[in-house]
Amino acid sequence: MQIASASASEPATAMKDDNGTPGWDAISQALCAAHPHQVPRHFGTALPWTLGGNDPLDGVSVYWSEQGRPHWHYVSYGLSELFEKESDDAEVSGFGFELTFRLAAAAGSSGADSPPTWPMSLLQNLARYVFQSGNVLEAGHHLDANGPIAADHATALRHLAFIQDPQLPVRDTPNGRLQFLQAVGLTDDEHAAILAGSTGGVLEALEPSMPLWITDLARACALSDPGVAARVAAAARAQRAATGLLLVETLEWQDSADSGAVTLVLGAGQVERLRELLEVRLGTGLPLEIVGAQKRWMFEPGEQDRVTGDHLQRICVLSPGARERLRQALQPVAGMARISDALSIDIRRSCLRDSEGKPLRFIG
């Protein structure tokens, strides 16, 4: 991301227009309430997405905070409608949210220091996923970063979960409703606990030891504390596997004109998480929805195998025997497998990317 310093309280002059900045002003007003009497650092994008650049966000503001523990509070500008109203939905501003991130400050740091810039790249990459896929992030969603959430940093945090920012409530703006969605860094075991329970349940259990869900790159897995582990286990039991949605990059299907069967196409890099969630969800009688860039696929437990729906959304009912064959077929290796008379699986090679979108390795 190309970063250029701009005014802390308003967008760069070149970005203003005759219609004002009602959406931008609404974000700034919310932050003034959370961080009174503070002038933030604002980092504007040199060439935003709307002008042909690679960065979807118009900029990121960074605040210093002593609340919870000393930390930097990053807030995006650009997933909502910052200037005049353009979308047809009068109730929602743009995608309906802006992203936030809280990074624990290094020992001895103060608000006079310069904030680390890597979280800005992280927020840009998350925004890029939303712009390119059309998938709107919501509280309760979680993502595998396929590596450390901070490129070139040694950290055990390799996943992100999303929750309503605890200091920024939902607002009504001239351009529609706006919420602030905070990204929280998690370890492998903490993410596994979410798969077995729910995002909200796990984050609530972690909050006493992670005030305001501030991300600390240096921390170890919180589940190493028996008290935290007990709270997370209790939350998982209470939620009964509430994680019912999985976001994926590769999701296609092909219909056979001869047999009427459907071939589901998935990426090798996502099948292990899918296998874990299927066991948790369908094993307890609950459905699992997979969401791609343009299509949705719903797995449901049942007695008779069948696939129904149209070119954008399908519902696949799996009998116990088909569920077991699917579980065995969901391996990170490219290839085809027949699950039932109604369904086959085509697993294709995947490219895993880091938190900045750079290729890491291929799977399958």
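Computed over neighbours whose Cβ is under 10 Å from that of S76, the net charge equals -2, Lys and Arg +1, Asp and Glu -1.
For region 16-84 versus region 258-330, the inter-centroid distance based on Cα atoms is 40 Å. Build a GNM of the chain with springs between Cα atoms under 10 Å apart, and of P211, P148, P287 the one that fluctuates most is P211.
Computed from phi, the 3J(HN,Hα) profile of region 289-298 under the Karplus parametrisation 6.51, -1.76, 1.60 (θ = phi - 60°) reads 9, 10, 10, x, 5, 10, 10, 10, 10, 10 Hz, with x in place of Gly and Pro.
Here's the picture: charge each Lys and Arg Cβ at +1 and each Asp and Glu Cβ at -1 in region 3-239, and of W49, G108, L79 the one pushed furthest to the positive end of that dipole is G108. Dividing the Cα radius of gyration of region 202-328 by 2.2 N^0.38 Å, with N the residue count, gives 1.31. Here the chain is treated with +1 on each Lys and Arg Cβ and -1 on each Asp and Glu Cβ, and its dipole about the Cα centre works out to around 940 debye.
Give, to the nearest whole percent, the P(r) tail of the chain beyond 37 angstrom, counting all Cα pairs.
24
For region 78-128, the list of GluC sites (Glu not before Pro) that fall in a loop by DSSP and count at most 12 other C-beta atoms within 10 angstrom reads E86, E91.
Cα convex hull, region 28-94: 115 Å³ per residue, rounded to a whole number. What are the ³J(HN,Hα) couplings of region 307-320, residue after residue, when phi is run through the Karplus curve with 6.51, -1.76, 1.60 and θ = phi - 60°? Round to Hz, x for glycine and proline. Couplings: 10, 10, x, 10, 6, 10, 8, 10, 10, 10, 8, 10, 6, x Hz. Remark: region 76-90, residue by residue, has Karplus-estimated 3J(HN,Hα) of 7, 10, x, 7, 9, 8, 7, 10, 6, 6, 10, 6, 7, 8, 6 Hz, where x stands for each Gly or Pro and the curve is 6.51 cos²θ - 1.76 cosθ + 1.60 at θ = phi - 60°.
Here the Kirkwood formula puts the hydrodynamic radius of region 290-332 at 11.2 Å, using every distinct Cα pair.
Over region 127-246, the hull volume per residue, using the convex hull of the C-alpha atoms, is 121 Å³. Antiparallel beta bridges, as assigned by DSSP with both residues in the chain, represent about 70 percent of the total such bridges.
A Cβ-based charge dipole, computed about the Cα centre of region 245-354 with Lys and Arg at +1 and Asp and Glu at -1, lands at about 220 debye.
When the Gaussian network model of the chain links Cα atoms closer than 10 Å, the mean-square fluctuations of G52, G200, G140 top out at G52.
Any read-out appearing in this document is the output of simple, stated calculations on the displayed coordinates, not a laboratory observation. Because the structure is predicted, anything quoted here is derived from the model rather than measured. Neighbour counts run over all protein chains shown; Cβ positions are idealised from the backbone, glycine included.
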